[in-house]
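A.B. asks: Sharing a structure here in structure tokens format.
Since every read-out is calculated from the coordinates, none of them should be taken as a lab result. Here the structure is a predicted model, which is why all the values come from computation and not from measurement. All Cβ positions, even for glycine, are placed from backbone atoms using ideal geometry, and neighbour counts span all protein chains on display.
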Amino acid sequence: MWWACRKNKLANRATVSPRGFTAWSSVQLIAWIPRLNRGTTRKSVIAVVILLISCSEKGERDPIKLYLASSLTPLAEDIKALFAKEEKIDLIFLSSSAVAKQVLQGAPCDGIILADDEWNKKLLNHGKVLGGVKQFAKNTLVLARMNPIPALLDAKTHLQRIDKGEKIVISDPDYVPLGRYTQEALEHLGLDKKLSGQLIKAHSARQASLLLKRGLGTWAILYRTDAIHDGAVVVARIDPSLHRSMDYLFLACKGAASHRVAKLDRLLFSEGMKRALVKRGFR
């Protein structure tokens, strides 16, 4: 019976009538009837109908499922507040690579927002998302620490003056978009080799900020929004020309019901969301 539920739930993502019962499931019901034994009573047929309808209605009541890059965590309460009056929503915050891998493996979703265009392209190439990509937000790379310092200089000067005994928290460039942006910036500044022995690598942008907050490093290269969210001191902004543009892109998941995607699109790109983005330090 779970099979019927699963099939009907998938059908729900196609064409749904006002009563929540799909044309697809009706066709499946007709296909099921000849398979019933001759002695099967009318009650058995009715039971199948009830099961399909209940599965369909349950699918319609399921919360919208939105996967987001972990660095968007500061927006969690803002997004929930926007959706609260209209729709239940599940927010799943993971590293961009973890989100993409889960979706590639078949995790159900209605929409995703990643911080990495490479993973976006993989999802598009594998047919897991639709092609209408929209820019949700932008971010800024900063050099931060938990304690203020007397003089605020440019990022390169501060990085050159960091004592050899001091540790710098960054995100791992092998797995995290923030890490790749950081690596690009350090290479352009000619400091990647000089500082390599002082780096502590975190497995996500959020973890990098938390490691600094917990004192595992004196310095960190973070998203500006994470630094603000965790009360760190922004010592210097890192020139955006030193790395690729840090864009968060919204993609609709393939197979998601059109009315659920439309609601995501309307609320995520509303004036209320724009105000929240500015408030949290995004661009």
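A.B. asks: Which number in (1) more than 18 Å from the chain's Cα centre (by Cα); (2) surrounded by 16 or more Cβ atoms within 10 Å (Cβ to Cβ) marks the one condition that K254 misses?
C.D. replies: (1)
A.B. asks: Here's something else I'd like to know. If you take the residues of the range 222-241 that are of a type in the set (A, V, I, L, M, F, W, C) and under 21 Å from the mean Cα position of the chain (by Cα), which of them is surrounded by the most Cβ atoms within 10 Å (Cβ to Cβ)?
C.D. replies: Among residues in the range 222-241 that are of a type in the set (A, V, I, L, M, F, W, C) and under 21 Å from the mean Cα position of the chain (by Cα), the one surrounded by the most Cβ atoms within 10 Å (Cβ to Cβ) is L222.
A.B. asks: Another question, then. Given R145, R161, which one is charged (D, E, K, R), in contact (Cβ under 8 Å) with a residue 60 or more places away in the chain and out of contact with any Lys or Arg (no Cβ under 8 Å at 6 or more places or on another chain)?
C.D. replies: R145
A.B. asks: Can you list residue pairs whose Cβ atoms sit under 8 Å apart, with the first residue in the range 257-269 being in contact (Cβ under 8 Å) with a residue 24 or more places away in the chain and the second being not in a loop (DSSP other than H, G, I, E, B) and not hydrophobic (A, V, I, L, M, F, W, C)? Count only pairs 6 or more apart in sequence or on different chains.
C.D. replies: The qualifying pairs are A257/N12; V261/G111; L264/G111; D265/K134; L268/G111; F269/K134.
A.B. asks: Still on this model: Being under 28 Å from E86 (Cβ atoms) and buried (at least 18 other Cβ atoms within 10 Å of the Cβ): is that true of Y248 here? I'd like the intermediate steps shown before the answer.
C.D. replies: On the way: under 28 Å from E86 (Cβ atoms): yes; buried (at least 18 other Cβ atoms within 10 Å of the Cβ): yes.
In short, yes.
A.B. asks: Going by the structure shown, is G217 more than 18 Å from the chain's Cα centre (by Cα) and surrounded by fewer than 16 Cβ atoms within 10 Å (Cβ to Cβ)?
C.D. replies: No: the conditions fail for G217.
A.B. asks: Can I ask one more? Does the range 254-283 hold any residues that are part of a loop (DSSP other than H, G, I, E, B) and closer than 20 Å to P177 by Cβ, and which are they?
C.D. replies: R280, G281, F282, R283
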